[in-house]
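Asks: If you scroll down you'll find the structure; I have some questions about it.
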Amino acid sequence: MSVTTVGALIGGAIDDISGGSPAEGALIGAVTANVLKVVLPAVVTYAVGWGVLRGLAHLREALAIGNKQPG
C-alpha cells in the first residue's frame, strides 16, 4: 500500500469515529500523508546537518582550548 492510501484509510477511519464525513477525512489524510512524505525527510536532513555542525563547533572549541600555551 502506498503512503497516500494508508493516510486516506487512517484519516477516513478517524473522521468516521469522531462523527464526521469519512470521505472528507480520507481526503485530509491523503493530503497530510503526501505533505509529510516531502517535509519529514527535509526536517530530518536539517536536524542531522545541524547536529554535525554543532559537534564540529564543540570539537573546534575543545581543540582550541587544548592548544593554549600557559602564560
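The values are calculated or read from the model by the stated rules, or taken from the named source; none is laboratory data. Please read all numbers here as calculations on a predicted model, not as lab measurements. Cβ: placed from backbone, ideal geometry, glycine included. Neighbour counts: every protein chain shown. Please note that ligands, DNA and RNA were not included when accessible areas were found on the heavy atoms of the full protein model with its side chains. Shrake-Rupley method; radii C 1.70, N 1.55, O 1.52, S 1.80 Å.
Asks: For helix 3-17, what angle does its Cα long axis make with the longest principal axis of the chain, in degrees from 0 to 90 and rounded to 10?
Replies: Roughly 60 degrees between the two axes.
Asks: If you roll a 1.4 Å probe over the heavy atoms of the protein chains, what accessible area per residue do you get for the chain, in Å²? Write down the numbers at each step before the final one.
Replies: Values: 5630 Å² over 71 residues.
Roughly 79 Å² per residue, with all protein chains present.
Asks: For Rg/Rh (Cα atoms, Kirkwood Rh), the choices are [x] 1.51; [y] 1.03; [z] 0.97; which was calculated from the structure?
Replies: Structure-derived value, by its label: [x].
Asks: Let me ask you something else. Only helical DSSP H runs with n ≥ 4 go in: add -39500 (n - 2.57) per run for the chain, normalise by residue count and round the 222 nm mean residue ellipticity to 500 deg cm²/dmol. Mind dumping the intermediate values first?
Replies: Values: 2 runs with 60 residues, N = 71.
Calculated at 222 nm, the ellipticity per residue is -30500 deg cm²/dmol.
Asks: Determine the sum of side-chain charges near Pro22: Lys and Arg each +1, Asp and Glu each -1, restricted to other residues whose C-beta is under 11 angstrom from that of Pro22. All intermediate terms of the calculation are to be shown ahead of the outcome.
Replies: Working: positive: none; negative: Asp15, Asp16, Glu24.
Spelling it out: positives minus negatives among the neighbours equals -3.
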